[in-house]
Amino acid sequence: MGTVSEAYPAESTEQALAEVLAEVARVERVPVDSHFFDDLGANSLVMAHFCARVRKRADLPSVSIKDVYRHPTIRSLAAQLIEPQRPEAQAAPIESSPPAPAEVPTPVSGPGYVLCGLVQLLTFLGYSYLAALVAVLGYEWISASSGLLEAYLRSAVFAAASLLGLCLLPILAKWLLIGRWREQRIRVWSMAYVRFWIVKTLIRANPLALFAGSPLYVLYLRALGARIGRGVVIFSRHVPVCTDLLTIGDNTVIRRDSYFAGYRAHAGQIETGPVTLGRDVFVGEAAVIDIGTSMGDGAQLGRASSLHPGQAVPAGECWHGSPALRAETDYRTLDGAGGSTLRRALFSGMQVLSLLALSWPLAVGGLAIAREWVPRFDALLNPGPLAFTSWTFYGDALAVSFVLFFGVLLGRFLIMLTVPRALNRAITPGAIYPLYGFHFWIHRAIARLTNIKFFMSLFGDSSYIVHYLRAVGYDISHVGQTGSNFGTDVKHDNPYLCSVGQETMVADGLTMISAEYSSSSFRVSRTSIGGRNFLGNHIIYPPRGRTGDNCLLATKV
């Protein structure tokens, strides 16, 4: 069998590629040394069309859009296709030894399948009943107070007791039902799977899961058995399940939407395995770390990248892609280690205090006010004739629901338009601030107040989305209205640092990242998308990212 060079001679390959590009670009001739984008004025759509045409030619080697960007002239592209340089080969080889194919387990019988579902249903109903019972008893105790101050104090006590119970129950369930996680295979729909499901559901429903990015979140994972070093910052709300198999070294940063669960489903079984991250590791947004993987000290995993079973990133190297390969990109744009222990403790204490002293008592107080202002609501809660038997009740309920729903909705919308804009005045783009300080609190408040899922679901995929994002703070004053410029799942760190060019289209799932983090500091920067771009689904757009006009970003780049 001949070599690649024998199959595709250099001169004829260059000539054929130039002819295809000339046809696609609708020009008479393409010089072999002309730059596709700078000299010929091509864009990503033209080059994607070019790649498709080349792949249909049996006399030409296959070409990808990645090859085009790496080798943007006919001569360099032809040389690459004839004698591949294989940049991946220069990277350290992947010490990947995928586990031997697991034997397909004997399927669970029909009665076993039904029994598993029944236990799951009873568990759900029992937990719901217990939660409702505690809520009713607590409300009755608070309602029996003699004054406003006593009602507030009782609300705070009930909030503290409820939070403590909700936090401790998943931890106790994990240690009682599982003990310590170990490497094993659990047959789906078995009783061992039921225990796994109960623990997984409870630990992810724990209120502490909402504290991602806080030192409290790290303490929660340690209580579940994870070995986590000092100065670790985890922003992902995807709580790992098999925590005893998770090891994270000092000063590691894990960005949001990353997965490192410690288990996977395969061939009718749940397989558990270790995940080991060294010191000063960086894991980018939406990364996936499978079982049986490791990252050495100072290693980095890029955004939307994944480590497959058996892969190990050597110390100090940066990998990205799926499966991840060695790259030259440096995602660690901020230096920092450790940080103030006192600042971490004060920040955590303020989070708990705001929840117990403000959020929870206000929610209970709002229920008490509704009971005072709406007599029908009081009649529904108190003993006596059922309110459901009166048609007046339904009319009152409809009117009150209408006022409450749209009143709260309008209030949230007005707060979203005003409060974050005022807070943003305290944040300077490019300035470096310490984590868990005043500016970090402001930064998180802006993100939470402007990322309201309800409004995105309401306005997304419609002609109103441009006006909504502009009201939130995006710089899209010159965007041409196309009917649906964005989908229903757009997220951001800081909307006042996001700009989008004219007639740009986004399929769905865009995450505009403005914040960069180390284990002790952060900063925010402007992020810009050019005009007439098209972005596919689930794109992680990085800090200080920019595109020119007429760019195509494929799904999950």
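The values are calculated or read from the model by the stated rules, or taken from the named source; none is laboratory data. Here the structure is a predicted model, which means the values were calculated and not measured. When we count neighbours, we look across all protein chains shown, and the Cβ atoms used for this are built from the backbone with ideal geometry, even at glycine. Accessible surface is based on the protein model in full, side chains and every heavy atom, while ligands, DNA and RNA are left aside. Shrake-Rupley method; radii C 1.70, N 1.55, O 1.52, S 1.80 Å.
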Q | Candidates Gly460, Gly473 - the one that is within 22 Å of Arg425 (Cβ to Cβ) and either surrounded by fewer than 23 Cβ atoms within 10 Å (Cβ to Cβ) or in contact with a helix residue (DSSP H, G or I) (Cβ under 8 Å, 6 or more places away or on another chain) (or both) | A | Gly473
Q: Kindly provide the set of residues from segment 51-79 that are more than 36 Å from the chain's Cα centre (by Cα) and buried (at least 18 other Cβ atoms within 10 Å of the Cβ), ordered by number.
A: Val54, Leu60, Pro61, Thr73, Ile74, Leu77, Ala78
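Residues are listed down the side, and each one gets a yes or a no for (1) open to solvent by 60 Å² or more (accessible area, probe 1.4 Å); (2) assigned to a helix (DSSP H, G or I); (3) modelled with pLDDT of 80 or more:
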position	(1), (2), (3)
Ala18	no, yes, yes
Val24	no, yes, yes
Glu28	yes, no, yes
His49	yes, yes, yes
Pro84	yes, no, no
Glu95	yes, no, no
Q | Condition check for Val108: modelled with pLDDT under 90 and assigned to a helix (DSSP H, G or I) | A | no
(Q) Looking at Ala324 and the list (1) in contact (Cβ under 8 Å) with a residue 24 or more places away in the chain; (2) within 21 Å of the chain's Cα centre (by Cα), which single condition is not satisfied? (A) (1)
Q.
Of the residues Gly437, Gly430, only one is closer than 21 Å to Thr333 by Cβ and surrounded by 12 or more Cβ atoms within 10 Å (Cβ to Cβ); which?
A. Gly437
Q) Which one of the conditions (1) surrounded by fewer than 23 Cβ atoms within 10 Å (Cβ to Cβ); (2) outside any helix (DSSP H, G or I) does Leu216 fail to meet, given that it meets all the rest? A) (2)
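Could you list, in sequence order, all residues of segment 202-237 that are polar (S, T, N, Q) and under 24 Å from Leu177 (Cβ atoms)?
Quick first cut of segment 202-237, residues polar (S, T, N, Q) only: 206, 214, 236.
Listed by number, the list holds a single entry, Asn206.
Would it be correct to say that Val157 is at pLDDT 90 or above and surrounded by 15 or more Cβ atoms within 10 Å (Cβ to Cβ)?
Working: at pLDDT 90 or above: no; surrounded by 15 or more Cβ atoms within 10 Å (Cβ to Cβ): yes.
In short, no.
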Q. Among the residues of segment 506-553, how many are under 23 Å from Gly321 (Cβ atoms) and either in a loop (DSSP other than H, G, I, E, B) or open to solvent by 30 Å² or more (accessible area, probe 1.4 Å) (or both)?
A. 19
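Looking at Ala286, Ala315, can you tell me which residue is among the hydrophobic types (A, V, I, L, M, F, W, C), more than 21 Å from the chain's Cα centre (by Cα) and either surrounded by fewer than 20 Cβ atoms within 10 Å (Cβ to Cβ) or not in a strand (DSSP E or B) (or both)? First the steps, then the outcome.
Values: Ala286 fails: more than 21 Å from the chain's Cα centre (by Cα).
Ala315 is the lone residue from the list that is among the hydrophobic types (A, V, I, L, M, F, W, C), more than 21 Å from the chain's Cα centre (by Cα) and either surrounded by fewer than 20 Cβ atoms within 10 Å (Cβ to Cβ) or not in a strand (DSSP E or B) (or both).
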Q. Of (1) modelled with pLDDT under 85; (2) not in a loop (DSSP other than H, G, I, E, B), Ala58 satisfies all except one. Which?
A. (2)
Q: Working only within segment 117-133, note down all residues that are hydrophobic (A, V, I, L, M, F, W, C) and either open to solvent by less than 70 Å² (accessible area, probe 1.4 Å) or touching a residue at least 40 places away in the same chain (Cβ under 8 Å) (or both).
A: Val119, Ala131, Ala132
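Which residue, of Thr276, Thr329, Thr247, is over 29 Å from Arg195 (Cβ atoms) and open to solvent by 10 Å² or more (accessible area, probe 1.4 Å)? Step through it out loud before you land on a result.
On the way: Thr276 fails: over 29 Å from Arg195 (Cβ atoms); Thr247 fails: over 29 Å from Arg195 (Cβ atoms).
Going through Thr276, Thr329, Thr247 in turn, the sole match is Thr329.
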(Q) Condition (residue is in contact (Cβ under 8 Å) with a residue 24 or more places away in the chain, β-branched (Val, Ile, Thr), part of a helix (DSSP H, G or I) and closer than 30 Å to Val114 by Cα) applied to segment 179-188: is it met by at least one residue? (A) no
**Q.** Matching residues in segment 256-273 - criterion: being open to solvent by 10 Å² or more (accessible area, probe 1.4 Å) and under 12 Å from the mean Cα position of the chain (by Cα)
**A.** Arg256, Asp257, Tyr259
